[in-house]
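Take a look at the structure set out below.
The values are calculated or read from the model by the stated rules, or taken from the named source; none is laboratory data. A quick note: this is a predicted structure, and the numbers were derived from the prediction, not measured. Note: ideal-geometry Cβ built from the backbone for every residue, glycine included; neighbour counts use all protein chains shown.
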Amino acid sequence: MAVPDPTDQLTTLLKACLVLVSGRGEGSGFFIGPGLVATCAHVAGATGDRVTVEWRNSALSGTVAWASPLTGRGIAPYPDLAVVEVAVPSGGHPAVWLDDHLPAMSARLVVVGHARTYGPQVGRTSGWFAHGGDYEDMIRLTGDEVAPGMSGAPVLNAETGGVCGVTKATRRSGQPSGGVAVPVRALREIMEPAPYRRLRREHDAYHRRNRRWTGLADDLPGPAGSVGRRAERELRAILAGLPAADHDQHLTAYRAVAGELAVSPRHPLHDHGDVVSELAGLLPAEDGFPHVLAYAIDMSFGVADQSVAEALRVWARMSPQAVRDRDEVATRLAAGRAGVPDARTSRRPSVLVYVRPAGQDRQRYRCELWRYDDHDDVTPIATDDPDRSLDDLRRHLRARLPELARGGPDDAPRPLIELVLPHHLLDEDVDHWLEAPDRNPWSVLGQTNPVVVRELERFDEDDDRLGAWRRRWKALDGQDVGAVLTTVSCAERREHRALHAWFQLEPTLGALVLPCSPQEAPARGALEVGLHCGIPIMVWRRRGCTGRPETAHRDCPGSRLAEAVATELRRAGREDVPERIMRMRNRAGADGHPECGHDVVLLWDDPGRRLPRPRMAPPTQGADQWVSS
């Protein structure tokens with residue numbers, strides 16, 4: 001049986017993203033992000049112009065959101081690009097994978113567009129081209145005909161699998177003399193930094209959720225570069241967790257790696273991924289060490305966020321394809337580590353919130369606040385609070401936590417927030433509470449501080465009952481949590497005894513993803529038995545998949561969460577997990593996809609982080625129902 005050609009499959013995906021644009025002229029375009037179409041300015045028009053976008057026999061009204069200037073005569077000046085904004089069709093739409101790299105000499109290129117090649121009717125057409133070299137700042141297409149109407153069509157690099165250009169013009173109408181295309185990196189020239197960065201976040205988030213395109217690209221036999229295509233995508237995802245910087249800051253970082261004599265980039269540098277693209281296209285350094293690896297190492301010692309710094313160092317160790325490069329990475333990391341804390345061994349300070357029912361009355365609660373710096377450095381903040389109703393407790397903590405969450409000096413990481421709670425309160429949405437209620441009504445604790453929950457009964461257990469919990473935590477030491485993560489199925493309905501047998505058969509199982517809230521059947525038993533068996537890390541959504549049998553579960557909220565958590569925790573150590581989940585919450589907010597982080601709860605239970613004195617055991621009589629705030 002013949003194996004399908006990845007290029008043919010990529011071309012099929014490319015055709016699904018193609019649109020017909022009618023504005024100042026008529027030509028082609030393609031989806032690059034949610035509701036965003038790339039095309040040529042001479043096709044769409046000037047910024048603010050109204051256009052019509054036809055896709056799958058539907059006409060979508062659009063507006064030119066960004067466009068390069070047009071002149072009154074002749075060929076439109078470089079870059080001749082426009083981005084059209086349309087309402088996202090019902091059911092959504094696909095988007096191409098953008099490849100910011102310039103194609104290698106003689107690379108095979110595929111163009112798919114609309115044209116009136118064989119009559120007055122507009123039809124879809126395609127052609128194979130070779131990269132004929134540069135033409136000023138454009139890509140020269142040779143070997144086939146760029147027919148009129150193909151302006152704005154996507155150019156697929158058959159060696160990398162990504163769309164590297166936008167077709168601009170034919171060289172000689174009616175003859176196979178090719179044409180020219182504008183590199184997609186020129187989008188940086190027409191878009192302002194903030195919307196461009198948003199486009200890149202949304203584009204990358206789409207392809208993290210829908211891996212068919214990038215999976216096919218990874219199967220292509222063409223040159224993969226010094227660190228590989230997949231590794232470069234991983235690097236971009238890590239760098240996306242850093243604060244935004246301006247062009248001058250990015251240019252300084254670029255020159256620090258490329259050298260002061262390196263030619264400055266043709267287009268503005270709006271984000272860290274732009275620096276990666278520009279460095280990847282340079283000639284190797286004199287010592288042969290890849291510029292992209294050097295940039296990742298430099299950034300790992302220059303960022304304040306130690307979880308990102310450690311992720312960059314792990315990436316640098318794992319990504320080189322040559323043994324010589326791996327050895328050089330180790331040398332550079334060792335040379336640069338002086339004075340840099342090790343994120344895997346350092347203990348982040350925390351605000352520890354200890355909540356327990358007041359006596360036999362489970363309608364009222366006591367709350368203690370502690371500052372936890374290490375097992376022998378635990379300081380009380382407030383340990384003599386009165387009994388409170390649940391609503392009063394919420395109001396009290398909403399008032400106290402924002403100040404405590406700010407931590408110490410500005411250059412120190414903000415503290416972890418550890419909530420030790422009775423079992424029925426584990427879904428409390430503390431991560432959604434405002435971080436600065438009087439100043440920033442948009443900033444919530446879960447996006448500024450790692451927020452975790454812990455279960456009161458297990459936290460209060462005697463030392464001689466902690467064996468399984470400690471063994472499972474120890475088994476995670478040095479492990480890639482994303483690789484050992486176990487998913488509980490949306491259809492899980494086993495009784496507690498069967499779940500207990502499952503966990504007993506896997507004594508090193510240390511991390512679970514639950515498909516929904518423990519208030520729902522698929523997760524309830526797994527959480528209860530997991531707590532009893534000492535599983536230290538569990539993740540779930542407050543609004544996940546309830547496992548209804550009439551619903552398909554291949555792309556349900558539970559399966560999407562499992563995939564997103566596994567991706568976020570890739571190459572994460574056990575101590576890195578709270579920081580990674582915080583980053584996941586921020587990605588969810590930035591990408592507008594709450595199912596992959598916005599309402600995620602992390603139970604993270606280091607058995608070494610406990611209070612220094614015996615706790616009062618919680619009562620066992622009575623129960624109340626959890627009511628979400």
Practice task
Check whether at least one residue in region 595-610 is modelled with pLDDT under 65, farther than 21 Å from Val351 by Cβ and assigned to a helix (DSSP H, G or I), and report yes or no.
Solution key: yes
Problem - Residue under evaluation Asp477, criteria (1) among the acidic types (Asp, Glu); (2) within 28 Å of the chain's Cα centre (by Cα); (3) closer than 28 Å to Arg356 by Cα, criterion not met - result: (3)
Exercise for the section: Give the number of residues within region 165-180 that are modelled with pLDDT under 90 and aliphatic (A, V, I, L, M). Expected result: 2
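Let's see how each residue does on (1) of a type in the set (A, V, I, L, M, F, W, C); (2) more than 23 Å from the chain's Cα centre (by Cα):
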site	(1), (2)
Glu403	no, yes
Leu421	yes, yes
Pro441	no, yes
Val444	yes, no
Leu456	yes, yes
Trp469	yes, yes
Gln504	no, yes
Completion exercise
When every residue in region 497-526 that is assigned to a helix (DSSP H, G or I) and buried (at least 23 other Cβ atoms within 10 Å of the Cβ) is compared, the one modelled with the highest pLDDT is Ala526
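Under the condition of being outside any strand (DSSP E or B) and β-branched (Val, Ile, Thr), which residue from region 412-459 is surrounded by the fewest Cβ atoms within 10 Å (Cβ to Cβ)?
Our first condition is that a residue be outside any strand (DSSP E or B); within region 412-459, this holds for 412-415, 422-433, 437-439, 445-450, 456-459.
Of the ones still in play, those that are also β-branched (Val, Ile, Thr) are 430, 448.
On the way: Val430: 22, Thr448: 20.
Per the criteria, the residue is Thr448.
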Fill in the blank from the handout: With criteria (1) at pLDDT 85 or above; (2) crowded, with 20+ Cβ neighbours inside 10 Å, Arg212 comes up short on (2)
Practice task
Could you please let me know if Val263 is assigned to a helix (DSSP H, G or I) and either surrounded by 13 or more Cβ atoms within 10 Å (Cβ to Cβ) or not assigned by TED's automatic domain parsing to the domain that holds Glu136 (or both)?
Solution key: no
Exercise for the section: Being at pLDDT below 90 and either assigned to a helix (DSSP H, G or I) or not hydroxyl-bearing (Ser, Thr, Tyr) (or both) narrows it down to one of Pro243, Pro195, so name that one. Expected result: Pro243
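Please pick out the residue among Gly35, Gly62, Gly48 that is buried (at least 22 other Cβ atoms within 10 Å of the Cβ) and within 32 Å of the chain's Cα centre (by Cα). Steps first, please.
Working: Gly35 fails: buried (at least 22 other Cβ atoms within 10 Å of the Cβ); Gly48 fails: buried (at least 22 other Cβ atoms within 10 Å of the Cβ).
Answer to the check: Gly62.
Looking at Ala311, Ala304, Ala322, Ala296 in this structure, which one is out of contact with any Ser or Thr (no Cβ under 7 Å at 6 or more places or on another chain), modelled with pLDDT under 90, among the hydrophobic types (A, V, I, L, M, F, W, C) and surrounded by 23 or more Cβ atoms within 10 Å (Cβ to Cβ)?
Ala311
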Fill in the blank from the handout: In region 480-496, residues that are assigned to a helix (DSSP H, G or I), surrounded by fewer than 19 Cβ atoms within 10 Å (Cβ to Cβ) and within 28 Å of the chain's Cα centre (by Cα) total 3
